[in-house]
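Step one of this worksheet: look at the structure below.
Read-outs: derived from the displayed coordinates by stated rules, not from any lab. Just so it is clear, the structure is predicted and the values come from calculations on it, not from any experiment. Backbone-built Cβ (ideal geometry, glycine too); neighbour counts: all protein chains shown.
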Amino acid sequence: MRTRTLLLALPIVMMATASLAADEYPDIKPGLWSSSQTSSNAQMPPQGGKMCTNNDVAKAFADMAKNPNRPCKVLSHSHTGSTFTSETECNFGGTIKHNKSVMVATGDTAIHTEVQSDDGTSITLDMKYLGACPADMVPGDFVSNNGMRINVLKGMAAGAAPPPPPSH
């Protein structure tokens with residue numbers, strides 16, 4: 001179950017944490033976004049879904065990522081135009097992983113992210129603006145392609161912050 005939750009939370013976590021080091025993140029158009037994620041790891045099938053989001057949601061994740069008890073720390077971060085590059089180190093139960101991500105924003109309606117882990121695993125995430133959020137969704141709602149629904153902000157408010165991404 002932890003892996004499933006991790007994969008569901010990954011799109012927004014990556015979007016927010018890709019630029020947390022300098023308190024910079026790309027402004028996004030508020031509304032409904034689609035996400036699709038693929039991995040070079042055959043044990044991680046393609047994932048995807050739709051999320052109602054806005055800049056406040058992205059900022060909440062960036063703020064959460066600054067928690068000193070978080071297992072991942074930013075080693076370096078740079079930002080040139082619409083390209084954000086970060087290197088992180090994560091400690092998962094004594095297992096150290098180094099990751100590099102490159103995120104490119106296309107205006108405020110599309111984001112492409114590539115993450116390379118030191119174990120050779122790569123993840124590609126594409127996010128695209130679809131339009132206004134439907135009436136049954138509020139900012140923070142994520143619905144996976146298989147119908148699983150979570151609100152990431154409610155989990156954070158209850159102290160149950162989503163797990164960190166496996167690589168970023």
(message) Sort 141-153, 46-58 by the packing proxy (mean of other Cβ within 10 Å over each peptide's residues), most packed first.
(response) 46-58, 141-153
(message) Going Cα to Cα from K97, which lysines come in below 22 Å? Please leave out same-chain ones fewer than 8 positions away.
(response) K66, K73
(request) Sort the following peptides by mean Cβ neighbour count (other Cβ atoms within 10 Å, averaged over residues), highest first: 102-108, 88-94, 130-136. (result) 102-108, 88-94, 130-136
